[in-house]
Each structure stands twice: as C-alpha cells, then as structure tokens.
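S.K.: Take a look at the following structure, please.
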Amino acid sequence: MTVPILRSFVLDSTDARRLAEFYRELLALEYRKGDEPPPAGTDDPRGRDWLVLRPADGAWQLAFQQTSGVRPTSWPSDEVPQQMHLDTGVDSIEELNRQHDRVLSLGGALRLDRSEDPEEPLRVYADPDGHTFCVFVAG
C-alpha cells in the first residue's frame, strides 16, 4: 500500500516575508531559489504571496501563504483554536484518485477538488477534527 508523503507545512500570515524571516533565522533554513528577499527598498511581490524555506538537506519545507487576516491562537485556551494545514504529495493523478478513496474511508471530508487542474492537480480535505490538508500531484 502507498501513502501520501508529507511535503510542506504551511503557515498563513498577514506578512509572509516577516514570518518567513523569523523562521529562517530561528531554524537556520534557506529560501527556495527565487524566494529570497529582494534588495532593500525594492518591490517584493513574492513576499506578498507564497514563500518556501528548506533545511540544507531539502528533506522537508516550511511555506508561508499571504492572507488578509489571521486570528492568533489562544492556545492552551480553545477560544481561538490552533490553525494549520499540511501539504502531502503523490506522484501521479492515478495515485491522487486512489488516495481520495482512502482519505474518505478514513473519515476525511472533501473540501475542494482541483484534480482536473493541468498545472497542479490537488484536493483539499478536512480531517475528522476539521483541520485542512492537501493531497497534490508533486512534480
């Protein structure tokens, strides 16, 4: 039996560059090629969209997705619960379809189906507690 491979942990942020820089420093990570900060005083379009950091061995990645609003968690209080999503990858559309049935049989719920997307086929699911995760065809 095959299973999806965890590819990224993704954090939403109202300032993706600021958050990426925090984790880059904290964890001694490196930017994915092309995601590095631009020279000071110049426009930073990638910093307002999506950034990726990796360890030197490239075994996993931490990504930052720009969003218009994030409510910080109040954990350990559950007033505002922790929020996250995981990206997992498979190597073919056939495997994406196999994993779809598997996710549903395990108690997951489909939230978004982009399996027909020619550039990045994916599906977004909610786990039994409602946390979202993606399964996509990794190139």
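The values are calculated or read from the model by the stated rules, or taken from the named source; none is laboratory data. Treat the numbers as computed from the prediction; the structure is a model and nothing was measured. Neighbour counts run over all protein chains shown; Cβ positions are idealised from the backbone, glycine included.
S.K.: Looking only at segment 76-111, count how many residues are part of a loop (DSSP other than H, G, I, E, B) and not small (Gly, Ala, Ser).
M.R.: Count: 10.
S.K.: Still on this model: Kindly establish whether Ala56 is of a type outside the set (Val, Ile, Thr), exposed (fewer than 11 other Cβ atoms within 10 Å of the Cβ), within 26 Å of Ile5 (Cα to Cα) and modelled with pLDDT of 90 or more.
M.R.: Here the answer is yes, as Ala56 does meet what is asked.
S.K.: List pairs: first in segment 107-129 and closer than 17 Å to Pro4 by Cα and assigned by TED's automatic domain parsing to the domain that holds Leu96, second at pLDDT below 90 and not in a strand (DSSP E or B), Cβ under 7 Å, 6+ apart or cross-chain?
M.R.: Gly107/Pro128; Gly108/Asp127
S.K.: Now a separate question. Determine whether Trp50 is of a type in the set (Phe, Trp, Tyr) and closer than 22 Å to Ala138 by Cα.
M.R.: yes
S.K.: Pick out the one residue from Leu6, Leu27, Leu53, Leu86 that is under 17 Å from the mean Cα position of the chain (by Cα), touching a residue at least 24 places away in the same chain (Cβ under 8 Å) and farther than 19 Å from Val124 by Cβ. Don't jump to the end; show me each part of the working.
M.R.: Details: Leu6 fails: farther than 19 Å from Val124 by Cβ; Leu27 fails: under 17 Å from the mean Cα position of the chain (by Cα); Leu86 fails: farther than 19 Å from Val124 by Cβ.
Every option except Leu53 fails the conditions.
S.K.: Just checking, which of Arg24, Arg18, Arg32 is closer than 29 Å to Ser92 by Cβ, at pLDDT 90 or above and basic (Lys, Arg)?
M.R.: Within the list Arg24, Arg18, Arg32, the selection yields Arg32.
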